[in-house]
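Trainee: Got a structure for you, written out below as structure tokens; questions coming shortly.
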Amino acid sequence: MNTQNPINDSQKTDTAKKGNGSRRTWILALLAMVCTVISFIYRYQSGGSDPAKSLSKLESTQTEYPYSLDDVNLVLDDQLKGWNAGNIDQFMEGYIKDSSVRFITDKKIKTSWQEITDSYKKGYPNKDAMGKLTFHRDEIRWVNRSAYIAQVIGRWEVIQKHKETPVNGSLGSRDFSLMEMENKIQPTHDTLSGRFSLIFVGTQNGPKIQIDHTW
């Protein structure tokens, strides 16, 4: 009986070693599988291992309404056509028609498309008052390329017919002579000018002005 004990102990040791080896193999296989799953999830979310593809995917999901800086120029061109034709409604098509629109001047901040439109129509009631508008575009750039937010910085100029100042009261012959002399040197046009900064965003109808800071 005693001679069989060493054999039994040896068999038990071999069996234990095999069990430990199988357990280690199983653990390593499980770890490998977990690493593979994690790698797959990471590659799927990042768009693959190519950084350019990942960036392209990110940019394409930032906005539903992409546009180009050339499109921004077209909006400004259409505004000029509308204004110089005496059509404020066409000019106002360049602005976004939602609650995010802002028109900022040194006097007031207007917070609706209709308020901006009414203000323009009150200040420029007819084509003569509107005169001829010119934009000098100093810079057109992306503020956030992936979100399609652009900015235009420039200068505006309106040339109007000169408004003559009415003369009250009776005048003698000498006064009429002076008035005629003054009329000869009076300008025929008045020029208004200032600067602007416009923030454009994308919409389903193309880029629109969301913030207009004019002074």
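Trainee: Please verify whether GLY202 is in a strand (DSSP E or B), at pLDDT 95 or above and exposed (fewer than 15 other Cβ atoms within 10 Å of the Cβ), treating the condition exactly as stated.
Mentor: no
Trainee: Of all residues in segment 182-199, count the ones that are part of a strand (DSSP E or B) and either modelled with pLDDT under 95 or out of contact with any Lys or Arg (no Cβ under 6 Å at 6 or more places or on another chain) (or both).
Mentor: 10
Trainee: Return the residues of segment 83-105 that are outside any loop (DSSP other than H, G, I, E, B) and either over 16 Å from THR203 (Cβ atoms) or of a type in the set (S, T, N, Q) (or both); say none if nothing qualifies.
Mentor: Those that are outside any loop (DSSP other than H, G, I, E, B) and either over 16 Å from THR203 (Cβ atoms) or of a type in the set (S, T, N, Q) (or both): TRP83, ASN84, ILE88, ASP89, GLN90, PHE91, PHE103, ILE104.
Trainee: Same structure again: What is the residue count in segment 186-205 for residues that are of a type in the set (A, V, I, L, M, F, W, C) and more than 16 Å from MET92 (Cα to Cα)?
Mentor: Qualifying residue count, segment 186-205: 1.
Trainee: Identify all residues within segment 137-160 that are over 16 Å from ILE199 (Cα atoms) and either loosely packed, with under 12 Cβ neighbours inside 10 Å or at pLDDT 95 or above (or both); write none if there are none.
Mentor: GLU157, VAL158, ILE159
Trainee: Considering SER112, SER100, which residue is out of contact with any helix residue (DSSP H, G or I) (no Cβ under 6 Å at 6 or more places or on another chain) and exposed (fewer than 14 other Cβ atoms within 10 Å of the Cβ)?
Mentor: SER100
The values are calculated or read from the model by the stated rules, or taken from the named source; none is laboratory data. A quick note: this is a predicted structure, and the numbers were derived from the prediction, not measured. Reconstructed Cβ throughout: ideal geometry from the backbone, glycine too, with neighbour counts over all protein chains shown.
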